[in-house]
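Step one of this worksheet: look at the structure below.
Since every read-out is calculated from the coordinates, none of them should be taken as a lab result. Predicted model, so just to flag it, every value in this text is computed and none were measured. With ideal geometry, Cβ positions are generated from the backbone for all residues, glycine too; neighbour counts draw on all protein chains shown.
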Amino acid sequence: MAKIDLGGLKTSVIGHHFLPRRDPDVLEMRNGGGCISVFGAPFLLAGLFMLQIPLGLVPVENSDSVPWYLFILFGGVFTAVGGSLVFGRSGLILDRRRKLIVQWRGLMVPMERKEQILDEVKRIVIQQDSGDSDSGPSYPVKLEGDRLKAVNIVSPPDYQEARRVAEELARFLSRPVEDFSSGVKVVREPDRLDESLGERILRTREDTFHLPPAPFPMRTKITETAEGLMLEIPGRGITGSHWLQTGIVLVFVGVVVYFFSGFLRLPAPPFIRYLFGGFLVIFFILGPLLAALRYMKREARRSTRITVTPGLLRVEEWGGRKTQITEIPGDELEELDLPTGKGIQNSIRMPDQSPRLDLPETGLPRLPDGRPIPKILVSLMRLAKSPGMIARSDAASVQFGSGLPEEELRYIHARIRKVLTSRQSQKPNDPRR
């Protein structure tokens with residue numbers, strides 16, 4: 001992890017380095033090296049070893065039984081992949097003085113360079129890439145504009161890291177942050193990045209007093225306390241979707257075993273076989289299997305308790321033997337997002353980044369360009385379980401209520417917001433009083 005000081009503001013980026021510069025109008029980042037080089041070293045060594053076999057530089061028993069071009073093919077692929085991971089470097093320079101975005105990449109030194117106009121940047125975008133059951137999600141941060149080819153900044157596995165990077169870029173470029181990672185679009189202006197939920201509700205004069213009707217029946221047990229609410233959400237247990245995800249992992253492991261079992265039978269010294277075989281077993285077989293088993297066990301025992309007061313949101317999650325507790329002070333809570341079917345439809349983005357057309361409401365779900373969403377996609381969206389709601393601050397994020405009916409989530413969401421903002425709404429300077 002690298003700590004840097006940029007214009008008096010400290011930040012840290014895992015696996016990426018924002019370099020300190022004497023010029024406050026220039027921000028630079030470099031990627032490559034470190035753990036990536038260590039990960040690529042076995043591929044590079046295996047590739048170089050295989051390339052030497054057809055040349056006779058490395059004597060291997062029964063090497064004549066394998067066509068020479070297979071050694072060249074597999075050795076070339078492994079050498080190229082390993083070399084790019086070990087020696088590959090890339091970088092980004094944001095220059096406010098020259099109004100340029102400079103991207104470069106190469107092997108140890110810059111070999112290719114591309115420039116774009118910095119003023120074309122209109123927004124900093126955070127998205128979510130779901131990934132797989134083993135690697136987990138990542139959160140790409142990009143610079144986007146109507147006439148700008150999107151610039152990828154980082155893709156950390158930690159949302160808080162992506163949020164910090166996006167906020168630093170927003171302050172540096174004076175551009176808004178558009179966050180799609182929760183399933184709905186959340187826009188944060190550069191001068192209001194630290195505005196709390198309560199402050200925003202007061203500023204926009206949003207009504208949190210009137211609640212939607214409570215659905216019946218409800219899975220969630222709600223208990224009113226002297227200071228707020230306590231909500232208990234029982235787990236769903238193991239469902240069909242959990243078995244489906246586990247089946248996908250098993251298919252992946254089977255494909256890996258089938259593909260590489262033939263590769264490991266190629267003539268090579270036992271040490272190389274064991275080294276490469278152990279690498280495959282640990283990272284591509286045992287890793288996914290153990291992750292799938294932990295996921296099933298956690299989902300079978302999951303339950304959640306939420307304690308809400310005007311000054312604190314506390315979420316306790318039980319899964320397996322572990323209890324995860326997340327606390328967010330009320331004055332630090334900046335978002336309480338509730339992804340709904342309508343919100344997810346409105347957050348769909350076109351590949352060409354074209355803006356959403358402002359069409360009259362007809363009840364027909366539409367894409368941003370005005371075309372109706374295909375019926376099969378609408379049906380799949382209706383079958384999908386709700387992801388629940390997400391509470392976020394600069395220091396922590398927590399998601400709860402996944403799988404609950406949308407009507408129940410709306411009711412819970414409204415009650416939590418009412419409690420969290422009750423203290424602010426009673427202040428003497430409240431404009432609604």
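The residues neighbouring Ile325, those whose beta-carbon lies less than 12 Å from its own, together hold a net charge of 0 under the Lys/Arg +1, Asp/Glu -1 convention.
Here Thr225 and Phe87 are evaluated by their C-beta separation; at R0 = 45 Å the FRET efficiency comes out at 0.15.
Each peptide among 155-163, 97-105 gets the average number of other Cβ atoms lying within 10 Å of its residues, and from highest to lowest they stand as 155-163, 97-105.
In what order do Tyr258, Tyr274, Tyr139 fall by count of nearby beta-carbon atoms within 10 Å, going from fewest to most?
Numbers: Tyr258 9, Tyr274 12, Tyr139 23.
Listed from fewest to most nearby Cβ atoms, that is Tyr258, Tyr274, Tyr139.
Using a cutoff of 8 angstrom between alpha carbon atoms and counting only pairs six or more residues apart, the relative contact order for segment 121-193 works out to 31 percent. Excluding Lys114 itself, what net charge comes from residues whose Cβ is under 12 Å from its Cβ, given Lys and Arg +1 and Asp and Glu -1? Residues close to Lys114 contribute a combined charge of +1. Judged by the mean number of other Cβ atoms found within 10 Å, the most tightly packed of the peptides 165-174, 76-85 leads the ranking 165-174, 76-85.
Gain on full extension, evaluated as 0.36 nm per residue between Ile285 and Glu120 minus their Cα-Cα distance, stands at 54.9 nm.
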